[in-house]
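Here, each number is a calculation from the coordinates, and none is a lab measurement. This is a predicted model, so every value here is computed, not measured. Neighbour counts are summed over all protein chains in view; Cβ atoms, including those assigned to glycine, are modelled from backbone coordinates with ideal geometry.
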Amino acid sequence: MKFGIIVFPGSNCDHDCYHVIKHVIKEDAQYIWHKNESFNHFDCIVVPGGFSYGDYLRTGAIARFSKIMKSVEEFAKRGGLVIGICNGFQILLEAGLLPGAMIKNKTLKFICKYVNIRVEENNTPYTREYKKGEVLRIPIAHSDGNYFADSHTLKSLEDNNQIIFRYCNSEGSATEDSNPNGSLRNIAGICNTGRNVLGMMPHPERASEKVLGSEDGRRVWTSVVRFLKG
């Protein structure tokens, strides 16, 4: 089992992801530099959080054109597992691997805090160890986490059960008050129609050890391992 973690100029969660994969769930992990044109022998690609290329233009807009992204797109089209976290989610949106876009938080401020998210679907490689409707406590850290899409795209996401996580309160209700950034329909994470590509704004790698205050994100990683091992 081998995870590949892409590193862009400005990535700052790549080491967090590596630590969790290598030392917490004890699977093989390797960094992939953004200038590489290809990669081989990986079971899951992680596009981590951070501020790729300083978030110039739009978040993820420059990283989307990095040499490595063509290989990521081809890998995903073949059914390979790809997870984008925070800035990684933004990059996947810019690359067209997931529908929609990210805009500024409704407060126009950077938000860094623990939030609650509800598991909407557990029939993905990333959520199979969760219960549908389960409430997780996982941190966010972003300025552009306000998910936006047109009405047709939102309907398609709902109809195809592609909304994987929603912001909610501790009781599991997706209320306006529990939505930290203004995301339409409280969306915190979505997948593609093939269910092999996941994008999420909360950071599961920052909630994978008890010492950090929550282990609720750990099962994202162990779900992938369980899926790949069959």
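Computed quantities for the displayed model
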| quantity | calculated |
| --- | --- |
| Karplus-derived 3J(HN,Hα), 6.51/-1.76/1.60, for each residue of segment 34-42, Hz, glycine and proline x | 5, 7, 5, 8, 7, 8, 9, 6, 10 |
| Calculated SAXS-style log₁₀ I(q)/I(0) at q = 0.10, 0.16, 0.18 Å⁻¹ - the chain, Debye, Cα scatterers | -0.38, -1.08, -1.44 |
| In nm, spacing of pseudo-spin labels at ASP150 and HIS15 (7 Å Cα→C-beta vector) | 4.3 nm |
| TRP221, TRP33 arranged by Cβ crowding within 10 Å, fewest neighbours leading | TRP33, TRP221 |
| Inter-label distance for HIS23 and ARG137, nm, one decimal - labels placed 7 Å from Cα along Cα-to-Cβ | 2.4 nm |
| For segment 143-219, alpha-carbon Rg relative to the globular expectation (2.2 N^0.38 Å, N residues) | 1.17 |
| Inter-label distance, nm, simple model (7 Å from Cα along the C-beta direction), LYS35/GLU158 | 4.7 nm |
| Ellipticity estimate at 222 nm from DSSP helix runs (n ≥ 4, -39,500 (n - 2.57)) divided over the chain, nearest 500 | -5500 deg cm²/dmol |
| Whole-Å distance, taken between Cα centres, linking segment 152-197 and segment 31-56 | 25 Å |
| Per-residue Cβ neighbour rank within 10 angstrom, fewest leading, THR59, THR153, THR175 | THR175, THR153, THR59 |
